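Undergrad: I am attaching a structure below and will ask some questions about it afterwards.
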């Protein structure tokens, strides 16, 4: 069985990858940042994860939209344009000879501080930008056998505490939720919002399927307490474009336990079935027909996005 949607088989090629650090490509073992970096000291920064297909980062514009929106929200000057970051990603891929089966992590922090303190005004340098590209594929059994979820006591923060829309480096709440889930014997954590409704998972977005197989309805949280996932948005669009009813709404755990199917979405693994939640089997515990169909439709959407790119 899988142990989380981000499980992967180690690839020896990753030991030799070149990492893009502030404009330079350096060997993995030399890819370092300062202990005075705001990301290390405070988790002060934003990031994006991207899949690569046929040499192209999938849905790149949407990921850059989210990165720049997050940077603006925290008054972080990335110091590089969209065009420059796009070229940096492609430069990294070309330098490593990467085309398929690749995951990219684009990270930006506020940069070097002259002393370990939270005030952004003690930052003395430009933003730190790092691009890590690795040969990394989700395990096939993750996509077929699915994962088990456990509802954690850690609630999603309200926007006036830490806006869930921010894809920030500050992930300690999600880390604690993940720890509670795997120590309880599950793979990932299902997290509730401050009102007790289902919000999201610690690293993915959550969906359930209700109704008969011939007329399913896909439901997900109302979106107020979860990251605006790129894959989440694409799945909702896929449903509406293919005659599958889909709604964003408030969901209780009772709704979850009664669901016919459930699944999570994320950039790395795409659409992943959920076989159980809090020890309760979802449906018959196997990947259902709606999840299978959405996996196929999502792969087709990725292929269409890549096919529409101008070769670089």
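The values are calculated or read from the model by the stated rules, or taken from the named source; none is laboratory data. Source: prediction; values computed, not measured. So basically every Cβ, Gly included, is an ideal-geometry build from the backbone, and we count neighbours across all protein chains shown.
Undergrad: Out of all the residues in region 153-175, which are over 18 Å from the mean Cα position of the chain (by Cα) and either surrounded by fewer than 19 Cβ atoms within 10 Å (Cβ to Cβ) or in contact (Cβ under 8 Å) with a residue 60 or more places away in the chain (or both)? Spell out the reasoning first.
TA: Within region 153-175, the first condition is being over 18 Å from the mean Cα position of the chain (by Cα), and the residues that meet it are 153-155, 158-161.
Passing the criteria: 153, 155, 158, 159, 160, 161.
Undergrad: Can you find a residue that is surrounded by 14 or more Cβ atoms within 10 Å (Cβ to Cβ), modelled with pLDDT of 95 or more, in a helix (DSSP H, G or I) and out of contact with any strand residue (DSSP E or B) (no Cβ under 6 Å at 6 or more places or on another chain) anywhere in region 116-123?
TA: Here is the first cut: in region 116-123, the residues surrounded by 14 or more Cβ atoms within 10 Å (Cβ to Cβ) are 120, 122-123.
Filter once more, keeping what is modelled with pLDDT of 95 or more: 120, 122-123.
Retained after the next criterion (residues that are in a helix (DSSP H, G or I)): 120, 122.
Still in the running and out of contact with any strand residue (DSSP E or B) (no Cβ under 6 Å at 6 or more places or on another chain): 120.
Looking through region 116-123, at least one residue is surrounded by 14 or more Cβ atoms within 10 Å (Cβ to Cβ), modelled with pLDDT of 95 or more, in a helix (DSSP H, G or I) and out of contact with any strand residue (DSSP E or B) (no Cβ under 6 Å at 6 or more places or on another chain).
Undergrad: Right, next: Among (1) in contact with a helix residue (DSSP H, G or I) (Cβ under 7 Å, 6 or more places away or on another chain); (2) free of Cβ contacts under 8 Å to residues at least 12 places away in the same chain, where does residue 179 come up short?
TA: (1)
Undergrad: For residue 99, are the conditions met, namely being over 24 Å from residue 174 (Cα atoms), part of a helix (DSSP H, G or I) and in contact with a strand residue (DSSP E or B) (Cβ under 8 Å, 6 or more places away or on another chain)?
TA: Working: over 24 Å from residue 174 (Cα atoms): yes; part of a helix (DSSP H, G or I): no; in contact with a strand residue (DSSP E or B) (Cβ under 8 Å, 6 or more places away or on another chain): yes.
No.
Undergrad: Still on this structure, I have one more. Against the definition (assigned to a strand (DSSP E or B), assigned by TED's automatic domain parsing to the domain that holds residue 17 and in contact with a helix residue (DSSP H, G or I) (Cβ under 6 Å, 6 or more places away or on another chain)), how does residue 50 come out, yes or no? Walk me through how you get there before you give the answer.
TA: Values: assigned to a strand (DSSP E or B): yes; assigned by TED's automatic domain parsing to the domain that holds residue 17: yes; in contact with a helix residue (DSSP H, G or I) (Cβ under 6 Å, 6 or more places away or on another chain): yes.
The answer is yes for residue 50.
Undergrad: Count, please, the residues in region 60-77 that happen to be outside any helix (DSSP H, G or I) and surrounded by fewer than 21 Cβ atoms within 10 Å (Cβ to Cβ). If you could, list the steps in order and put the result at the bottom.
TA: Residues of region 60-77 outside any helix (DSSP H, G or I): 74-77.
When the remaining residues are screened for being surrounded by fewer than 21 Cβ atoms within 10 Å (Cβ to Cβ), the result is 74-75, 77.
Number satisfying all stated conditions: 3.
Undergrad: Same structure again: What do you reckon, is residue 152 in the same structural domain as residue 207 (by TED's automatic domain parsing) and over 19 Å from residue 267 (Cα atoms)?
TA: Details: in the same structural domain as residue 207 (by TED's automatic domain parsing): yes; over 19 Å from residue 267 (Cα atoms): yes.
In short, yes.
Undergrad: Check region 3-23 and report whether any residue there is in a helix (DSSP H, G or I) and within 30 Å of residue 185 (Cα to Cα). Steps first, answer last, please.
TA: So the first thing to find is which residues in region 3-23 are in a helix (DSSP H, G or I), and the list is 12-16.
Of the ones still in play, those that are also within 30 Å of residue 185 (Cα to Cα) are 12, 14.
Scanning region 3-23, I find at least one residue that is in a helix (DSSP H, G or I) and within 30 Å of residue 185 (Cα to Cα), so the answer is yes.
Undergrad: A further question on this structure: Return the total of residues in region 115-152 being without any contact (Cβ under 8 Å) to a residue 12 or more places away in the chain and within 22 Å of residue 58 (Cβ to Cβ).
TA: Going through region 115-152 one residue at a time, the tally reaches 1.
Undergrad: Now for a separate question. Tell me which residues, restricted to region 103-115, are over 13 Å from residue 43 (Cβ atoms) and assigned to a loop (DSSP other than H, G, I, E, B).
TA: 111, 114, 115
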